[in-house]
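Reading through the structure tokens given below for one structure.
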């Protein structure tokens, strides 16, 4: 083959790859300015600088600011607000209609906008001036770190039918930092919240697999495959990773499944803020940089993946015992096993039975299995150490804590001398049944300091329960309040519509009854029967629409109570079960959805419906293909 032919073949192959990527991750020309904006944030501006820009039209960047990270937060805030205030004032001048005898700053701001922009546009823009910190150094560091896991990500995603290009998403979420934590409790490379993470991983006070890059990567692939099965396209599947499936489905219903520009530009869902609007375009930008590293970061060298040996622990094992057997330290064990919680390393829990222990091959003198076989009896245990205390985290409720530890609310109230079952505080240490009744506390002068230290309980690190999803790491305006940029994450992976429609009606979802609606609305159930012409004793059916009486409780409060109920039900279920796989089944004549789901696959109807949200459970025809999640029991210590 001649060199010319080889060149033409290479060009053809590259063109095919690009075309395939364009089909999988379409980038309408209208979104190009947004993608360009994020590329500049990722590659041009460092974390010691940033830009003030319009938060709707990302092509409008007002100015660059030097905001060194060495400055105090207050000083950084002051500098940003001073410039933001001046830009707003300039925009208000332009909104007044002034176009002649402009100052230099007024003329400069005017030139940033297309010709013919009206006064109303400038008035609106004055309220939309946003600061975005640069991320060049973080992105570069993330690219370097990504080398540790990219081959594993590609392998897992390929097996799940997920495009390997989505491996660029952690650049947006965490800069490929496995220690990344958000202030609302999202954690790890893929920034899973606890509720979403529990669907696919073990997440509790002993093991939190969100922090294990390998387990979290498998879970991210499963979640992406699930999102795609519901949305039917990758742009909306990726958007749902941030915004949630229910909101994305509402947007698709309003504008069309593939109306990407209209959705990202015009959808005004209550929680569809800056983060959600920009999540897909930020991904496109990250993907472009990720695929053209030499262009943006010439000479960059990726870290190499570690060669790990793994073994599943056959019993509960003490950290000191395993450390001695491996001739290493607990710190080294913790470094290579980040899925284990502080409770293990502090000594209040053993290494759990069934955990997949990981150690670099080069640090082993013999196979891991051989080390475990030689462990002394005093390091091996049949049972886990009992839980003694729980530190209350944001979002915790006493009922959730009681459920997590298989106890009763009344027991916790009694053990801790609580005045109310509804009032606990963040950071509070709650005594659990295994710790027994609280001892009588002597006066401080009667207790020697050494004795007090000896009996002080080892308390787990705070286990934060996310109640809201903050703007992703790549999109954080670190100096601005994030209250307007949060979206609900209680049920990100639940495509069910729990919203109240404009006419005051709702769609009945599994696990719901008229009694629930009456409680959440603070009205008698009979009132709902009357306004919906329902005879006494007639149950509501999944998929049925019910009119509400919103005179006592607002639609927003009703939705919050409704979501809280479903979150509690789902959290309880996923503490004991994880979704390990998905099976496709073709409905046959005589099949019953209820018998199929509950008896054959042991899947509750609410979860079956989440995997088949468009299916009318009462009108399923033979030949219909349904998706059925395969469940695995979580080992409870």
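The values are calculated or read from the model by the stated rules, or taken from the named source; none is laboratory data. Everything numeric in this text was worked out from a predicted model, so none of it was measured. Because the Cβ atoms are built from the backbone with ideal geometry, glycine has one as well, and the counts that use them run over all protein chains shown.
Which of the residues belonging to region 560-601 are in contact with a helix residue (DSSP H, G or I) (Cβ under 9 Å, 6 or more places away or on another chain), over 28 Å from residue 210 (Cα atoms) and assigned to a helix (DSSP H, G or I)?
593, 594, 596, 597, 598
Checking the structure you have, find out if any residue of region 568-577 is free of Cβ contacts under 8 Å to residues at least 12 places away in the same chain and not assigned by TED's automatic domain parsing to the domain that holds residue 208. Please lay out each step first, then the result.
Taking region 568-577 as the starting set, the residues that turn out to be free of Cβ contacts under 8 Å to residues at least 12 places away in the same chain are none.
The answer is no; no qualifying residue exists.
Quick check on residue 369: is it free of Cβ contacts under 8 Å to residues at least 40 places away in the same chain, on the phi < 0 side of the Ramachandran plot and either surrounded by fewer than 18 Cβ atoms within 10 Å (Cβ to Cβ) or touching a strand residue (DSSP E or B) at 6+ places or on another chain (Cβ under 6 Å) (or both)?
Working: free of Cβ contacts under 8 Å to residues at least 40 places away in the same chain: no; on the phi < 0 side of the Ramachandran plot: yes; either surrounded by fewer than 18 Cβ atoms within 10 Å (Cβ to Cβ) or touching a strand residue (DSSP E or B) at 6+ places or on another chain (Cβ under 6 Å) (or both): yes.
Taking the combined requirement at face value, the residue does not satisfy it.
What residue, among those in region 377-393 that are assigned to a helix (DSSP H, G or I) and in contact with a helix residue (DSSP H, G or I) (Cβ under 8 Å, 6 or more places away or on another chain), is surrounded by the most Cβ atoms within 10 Å (Cβ to Cβ)? Please lay out each step first, then the result.
Taking region 377-393 as the starting set, the residues that turn out to be assigned to a helix (DSSP H, G or I) are 377-379.
Subset that is in contact with a helix residue (DSSP H, G or I) (Cβ under 8 Å, 6 or more places away or on another chain): 378-379.
On the way: 378: 9, 379: 20.
The qualifying residue surrounded by the most Cβ atoms within 10 Å (Cβ to Cβ) is 379.
I need the full set of residues from region 105-118 which are surrounded by fewer than 13 Cβ atoms within 10 Å (Cβ to Cβ) and farther than 14 Å from residue 63 by Cα, in order please.
Those that are surrounded by fewer than 13 Cβ atoms within 10 Å (Cβ to Cβ) and farther than 14 Å from residue 63 by Cα: 114, 115, 116, 118.
Among the residues of region 333-365, how many are over 25 Å from residue 382 (Cβ atoms) and over 28 Å from the mean Cα position of the chain (by Cα)?
Filtering region 333-365 for residues over 25 Å from residue 382 (Cβ atoms) gives 335-336, 338, 360-365.
Cutting the leftovers down to over 28 Å from the mean Cα position of the chain (by Cα) gives us 360-365.
Here the count works out to 6.
Out of the residues in region 66-98 that are surrounded by 12 or more Cβ atoms within 10 Å (Cβ to Cβ) and more than 41 Å from the chain's Cα centre (by Cα), which is nearest to residue 138 (Cα to Cα)?
The extreme case among them is 93.
What's the number of the condition residue 557 fails, among (1) part of a helix (DSSP H, G or I); (2) within 30 Å of residue 225 (Cβ to Cβ); (3) within 31 Å of the chain's Cα centre (by Cα)?
Among (1) part of a helix (DSSP H, G or I); (2) within 30 Å of residue 225 (Cβ to Cβ); (3) within 31 Å of the chain's Cα centre (by Cα), the lone unmet condition for residue 557 is (2).
Within region 259-291, take every residue that is in a loop (DSSP other than H, G, I, E, B) and without any contact (Cβ under 8 Å) to a residue 60 or more places away in the chain and give me the one that is farthest from the chain's Cα centre (by Cα).
Initially, region 259-291 is screened for residues in a loop (DSSP other than H, G, I, E, B), giving 259, 267-273.
The next check asks that each one be without any contact (Cβ under 8 Å) to a residue 60 or more places away in the chain; those that pass are 259, 267-270.
Values: 259: 24, 267: 21, 268: 21, 269: 19, 270: 18 Å.
Among residues in region 259-291 that are in a loop (DSSP other than H, G, I, E, B) and without any contact (Cβ under 8 Å) to a residue 60 or more places away in the chain, the one farthest from the chain's Cα centre (by Cα) is 259.
Taking the stated definitions as given, is residue 415 touching a strand residue (DSSP E or B) at 6+ places or on another chain (Cβ under 8 Å) and at pLDDT 90 or above? Show your work before the answer.
On the way: touching a strand residue (DSSP E or B) at 6+ places or on another chain (Cβ under 8 Å): yes; at pLDDT 90 or above: no.
Spelling it out, it is not the case that residue 415 is touching a strand residue (DSSP E or B) at 6+ places or on another chain (Cβ under 8 Å) and at pLDDT 90 or above.
Among the residues of region 43-73, which ones are at pLDDT 95 or above and part of a helix (DSSP H, G or I)?
Passing the criteria: only 43.
Only one residue in 113, 149 is more than 26 Å from residue 296 (Cβ to Cβ) and in contact with a helix residue (DSSP H, G or I) (Cβ under 9 Å, 6 or more places away or on another chain). Which one?
On the way: 149 fails: more than 26 Å from residue 296 (Cβ to Cβ).
The unique qualifying residue is 113.
Any residue in region 323-338 that is more than 17 Å from residue 366 (Cβ to Cβ) and in the same structural domain as residue 216 (by TED's automatic domain parsing) sitting within a Cβ distance under 8 Å of a residue that is part of a helix (DSSP H, G or I) and at pLDDT 95 or above? List the pairs, counting only those 6 or more apart or interchain.
Hits for this filter: 329/323; 330/319; 330/320; 330/323; 338/211; 338/213.
Out of the residues in region 409-428 that are within 19 Å of residue 387 (Cβ to Cβ) and in contact with a helix residue (DSSP H, G or I) (Cβ under 8 Å, 6 or more places away or on another chain), state the one that is surrounded by the fewest Cβ atoms within 10 Å (Cβ to Cβ).
411
How about region 179-201: which of its residues are within 21 Å of residue 134 (Cα to Cα) and at pLDDT 95 or above?
Those that are within 21 Å of residue 134 (Cα to Cα) and at pLDDT 95 or above: 189, 190, 191.
Got a number for residues in region 128-162 being over 25 Å from residue 48 (Cα atoms) and in a loop (DSSP other than H, G, I, E, B)?
Step one: of region 128-162, the residues over 25 Å from residue 48 (Cα atoms) are 147-162.
Checking the rest, the ones that are also in a loop (DSSP other than H, G, I, E, B) come to 147-149, 161-162.
The number of residues fulfilling the criteria is 5.
Look at region 414-433 and say how many of its residues are over 13 Å from residue 397 (Cβ atoms) and in a strand (DSSP E or B). Full working, then the answer.
We begin by selecting, within region 414-433, every residue over 13 Å from residue 397 (Cβ atoms); these are 414-417, 419, 427, 429, 431-433.
Subsequent filtering for residues that are in a strand (DSSP E or B) retains 429, 431.
Residues that pass the stated criteria total 2.
Restricting to region 292-323, name every residue that is surrounded by 14 or more Cβ atoms within 10 Å (Cβ to Cβ) and part of a helix (DSSP H, G or I).
293, 296, 319, 321, 322, 323
Any residue that is over 20 Å from residue 499 (Cβ atoms), in contact with a strand residue (DSSP E or B) (Cβ under 6 Å, 6 or more places away or on another chain) and surrounded by 14 or more Cβ atoms within 10 Å (Cβ to Cβ) - is there at least one of those in region 540-560?
Applying the first criterion (over 20 Å from residue 499 (Cβ atoms)) to region 540-560 yields none.
No: region 540-560 contains no residue that is over 20 Å from residue 499 (Cβ atoms), in contact with a strand residue (DSSP E or B) (Cβ under 6 Å, 6 or more places away or on another chain) and surrounded by 14 or more Cβ atoms within 10 Å (Cβ to Cβ).
Going by the conditions given, is residue 271 out of contact with any helix residue (DSSP H, G or I) (no Cβ under 7 Å at 6 or more places or on another chain), surrounded by fewer than 24 Cβ atoms within 10 Å (Cβ to Cβ) and assigned by TED's automatic domain parsing to the domain that holds residue 40? Break it down into steps so the answer makes sense when it comes.
Numbers: out of contact with any helix residue (DSSP H, G or I) (no Cβ under 7 Å at 6 or more places or on another chain): no; surrounded by fewer than 24 Cβ atoms within 10 Å (Cβ to Cβ): yes; assigned by TED's automatic domain parsing to the domain that holds residue 40: yes.
In short, no.
Surrounded by fewer than 24 Cβ atoms within 10 Å (Cβ to Cβ), touching a residue at least 60 places away in the same chain (Cβ under 8 Å), out of contact with any helix residue (DSSP H, G or I) (no Cβ under 9 Å at 6 or more places or on another chain) and part of a loop (DSSP other than H, G, I, E, B): does that describe residue 205? Can you show your working first?
Working: surrounded by fewer than 24 Cβ atoms within 10 Å (Cβ to Cβ): yes; touching a residue at least 60 places away in the same chain (Cβ under 8 Å): yes; out of contact with any helix residue (DSSP H, G or I) (no Cβ under 9 Å at 6 or more places or on another chain): no; part of a loop (DSSP other than H, G, I, E, B): yes.
For residue 205, the condition - surrounded by fewer than 24 Cβ atoms within 10 Å (Cβ to Cβ), touching a residue at least 60 places away in the same chain (Cβ under 8 Å), out of contact with any helix residue (DSSP H, G or I) (no Cβ under 9 Å at 6 or more places or on another chain) and part of a loop (DSSP other than H, G, I, E, B) - is not met.
Every residue, every condition in (1) under 29 Å from residue 177 (Cβ atoms); (2) in contact with a helix residue (DSSP H, G or I) (Cβ under 9 Å, 6 or more places away or on another chain); (3) modelled with pLDDT of 95 or more, yes or no:
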| position | (1), (2), (3) |
| --- | --- |
| 285 | yes, yes, yes |
| 292 | yes, no, yes |
| 306 | yes, yes, no |
| 310 | yes, yes, yes |
| 318 | no, yes, yes |
| 331 | yes, yes, yes |
| 336 | yes, yes, yes |
| 351 | yes, yes, yes |
| 373 | no, no, no |
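Residue check: is residue 223 part of a loop (DSSP other than H, G, I, E, B) and farther than 23 Å from residue 29 by Cβ?
Working: part of a loop (DSSP other than H, G, I, E, B): no; farther than 23 Å from residue 29 by Cβ: yes.
Criteria not met by residue 223.
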